[in-house]
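Here it is: the structure, laid out below.
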Amino acid sequence: MLSLADYSTRAVTSPPGGWLDHEPAFSPDGSQLAFIRSTVAGVSNDLYVTRVTVGEAKRLTFDHRPIVGPPTWTSDGREVIFSSTRGGPVSLWRIPATGGEPRPVAGAIGEAGWPSIPPKGDQLVYEQVVAKFNIWRLVLKDQKHSQKPPAVLISEKGDKMRPELSPDGRRIAFESNRLGFWDIWTCATDGSSCEQATSLHGTAGRARWSPNGRYIAFEFHPGEQSEIYVVEVPGGVPRLLPTILGADNLSPSWSPNGQWIYFASKRGSEPFQLWKISVHGGAPIKLTRNGGISPVESPDARFLYYSKFEAGGVWKMPAEGGEETQVLEEVPGGGWPNWALTAGGIYFLRFDKSPHSSIQFLDFATNKIIPICTLEKEPGWGLSLAHDGKSIVYVQNEFAESNLILVKNFR
């Protein structure tokens with residue numbers, strides 16, 4: 001809190017290591033704060049209330065689900081309104097400030113976030129978002145040139161993120177919320193034969209095919225920490241891959257020989273570090289000392305390439321351990337899932353103001369960055385390169401619209 005009298009500041013909350021407190025909202029009488037406590041990765045979120053003066057924060061929800069925007073209080077200060085995916089799609093919920101069971105807010109239509117209630121009155125305003133993300137493919141003539149303009153591959157309903165081409169190039173795995181919760185789906189590259197690989201009623205993502213195309217490793221957030229799971233496709237039952245107890249374990253990746261799974265892990269306030277574990281079990285082996293996420297082993301098995309959650313860019317180190325080297329500096333919007341490795345370089349997304357976002361290529365031979373394709377619309381998260389190096393798949397935002405919805409006579 002910042003005092004307007006003498007501009008002094010003091011901490012109101014004290015989150016545990018590895019957690020963040022954000023999106024504070026004063027109660028109408030100013031005596032309490034509602035806020036969101038989340039993991040650093042941002043997927044596990046819950047609602048808390050604390051007194052402004054002194055006292056322990058009271059936890060109101062135990063959902064471990066994404067929350068969209070700050071909460072707001074009812075004008076009488078008895079309830080807190082918040083937007084959550086606890087029931088599947090993003091929608092509005094209400095819960096007593098003293099604790100209890102959340103209830104859906106009547107009257108809200110569509111995906112509803114960022115609720116707001118005036119201190120006095122009986123109205124509610126929220127943001128309604130309508131968007132559509134499709135998966136596109138760019139065919140390459142050679143390593144440095146595209147053959148023709150990109151074309152849409154998968155346009156089924158629901159948002160889509162982080163597509164991954166299968167080793168034979170015939171299927172795409174991706175995460176989608178088309179049925180409400182974020183799960184792993186697979187489709188043929190012509191958009192047909194879509195199948196749901198997981199149905200876990202939580203948040204599953206970052207699907208990565210095994211080299212033989214029989215399995216998909218992915219991250220799943222069943223509670224406060226994320227875990228690595230493996231599922232056989234099609235028709236298999238997801239199974240937990242025991243990694244590091246009591247830590248956030250995510251961003252899996254297979255070694256080219258299929259014998260190891262790399263992953264990132266974070267415990268408490270420590271940064272994410274890279275580890276690997278045998279697919280046959282055993283103790284995980286720590287690889288990095290200075291942070292790492294989104295690991296990919298080079299085709300010749302000599303190096304491990306990765307990003308850093310805190311720093312961005314792409315780094316590399318010897319696969320068996322050693323000193324790290326930065327190979328690609330951070331680019332606008334170039335987050336850790338938005339690049340793909342090949343023997344000759346790195347393809348990556350550069351997010352600029354539309355219509356100037358692009359796919360670019362870092363050529364290892366010359367250490368120069370080469371533009372490959374300018375995108376007509378804003379890309380989403382994720383980029384994958386076919387094993388034969390002849391095509392790239394990525395996500396593009398086809399349509400986005402937001403409206404402000406006013407609910408009168410809100411009680």
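No lab work stands behind these numbers, since they all come straight from the coordinates. The shown structure was predicted, so the numbers you read here are calculated from the model rather than taken from an experiment. Using ideal geometry, Cβ is built from the backbone for each residue, glycine included, and neighbour counts are taken over all protein chains shown.
Quickly work out the Phe62-to-Ala5 label distance, labels modelled 7 Å from Cα along the C-beta direction, and quote it in nm with one decimal.
With each label placed 7 Å out from Cα toward Cβ, I get 4.0 nm.
Still on this structure, please answer the following. Could you derive backbone 3J(HN,Hα) for segment 207-215 from the dihedral phi with the Karplus parameters 6.51, -1.76 and 1.60 (θ = phi - 60°), listing whole Hz in sequence and x where the residue is Gly or Pro?
With coefficients 6.51, -1.76 and 1.60, one gets 6, 9, 6, 6, x, 8, x, 8, 10 Hz.
Further, regarding this structure: What is the gain in length, in nm to one decimal, between His22 and Glu101 on full extension, counting 0.36 nm per residue of separation less the C-alpha to C-alpha distance?
26.2 nm
Report the extension gain between Ile285 and Ser155 in nm, rounded to one decimal, defined as 0.36 nm multiplied by the number of residues separating them, less their alpha carbon distance.
Gain on stretching Ile285 to Ser155: 42.8 nm.
Pull out a ≥ b ≥ c, the square roots of the eigenvalues of the alpha-carbon gyration tensor of segment 77-125, then state rounded if a/c is under 1.5, prolate if not and a/b is larger than b/c, and oblate in the remaining case.
Note, shape of segment 77-125 comes out oblate.
Moving to a separate point now. What residues qualify as long-range amide H neighbours of Ser146, i.e. H under 5 Å apart, gap of 5 or more or another chain, H built at 1.01 Å from N?
For Ser146, whose amide H was placed from the backbone, the distant partners under 5 Å are Lys141.
Next question, about the same structure. For the chain, modelled as a GNM with alpha-carbon contacts under 10 angstrom, which of Gly30, Gly258, Gly380 fluctuates the most?
With Cα springs under 10 Å in the chain, the top fluctuation among Gly30, Gly258, Gly380 is at Gly30.
Could you point to the label whose value was computed as percent of Cα pairs over 31 Å apart for the structure here, given (i) 40; (ii) 43; (iii) 49?
So the calculated entry is the one marked (ii).
Let me check against my output: what whole-number percent is the relative contact order of the chain, with C-alpha pairs under 8 Å and at least 6 apart?
This gives 12 percent for the chain.
Going Cα to Cα from Lys286, which lysines come in below 17 Å? Please leave out same-chain ones fewer than 8 positions away.
Lys266, Lys276, Lys308, Lys316
Return the sequence-ordered ³J(HN,Hα) values of segment 315-330 in whole Hz as given by the Karplus equation 6.51 cos²θ - 1.76 cosθ + 1.60 applied to θ = phi - 60°, using x for Gly and Pro.
Values per residue, Gly and Pro as x: 10, 9, 8, x, 4, 8, x, x, 6, 9, 9, 7, 10, 9, 6, 4 Hz.
Also, quick follow-up: For the chain, which cysteines have no disulfide-compatible partner, meaning no other cysteine Cβ under 4.7 Å?
So, Cys373.
Multiply the residue gap between Lys377 and Asp300 by 0.36 nm, knock off their C-alpha separation, and tell me the result in nm, one decimal place.
24.2 nm
Please identify every one of the chymotrypsin sites (Phe, Trp or Tyr not before Pro) in segment 319-411 that sits in a loop by DSSP and has no more than 14 other beta carbons within 10 Å of its own beta carbon.
Those satisfying the criteria are Phe364.
Given a Förster radius of 60 Å and the C-beta distance between Ala365 and Gln123 as r, what FRET efficiency does 1/(1 + (r/R0)^6) yield to the nearest 0.05?
0.45
In addition: For a Förster distance of 45 Å, can you work out the FRET efficiency between the beta-carbons of Ile405 and Glu320, rounded to the nearest 0.05?
0.20
Using only the Cα atoms of segment 261-411, build the gyration tensor, take square roots of its eigenvalues as a ≥ b ≥ c, and label the shape rounded, prolate or oblate: rounded if a/c is under 1.5, else prolate if a/b is larger than b/c, else oblate.
Note, shape of segment 261-411 comes out oblate.
Sort segment 11-87 into rounded, prolate or oblate with this rule: let a ≥ b ≥ c be the square roots of the eigenvalues of the Cα gyration tensor; rounded if a/c is under 1.5, and if a/c is not under 1.5, prolate when a/b is larger than b/c, oblate otherwise.
Judged from the Cα gyration tensor, segment 11-87 comes out oblate (a/c at least 1.5, b/c at or above a/b).
Something else now. Through the Karplus equation 6.51 cos²θ - 1.76 cosθ + 1.60, θ set to phi - 60°, convert the phi angles of segment 3-18 into ³J(HN,Hα) values in whole Hz; use x for Gly and Pro.
7, 7, 7, 10, 6, 7, 10, 8, 6, 9, 10, 9, x, x, x, x
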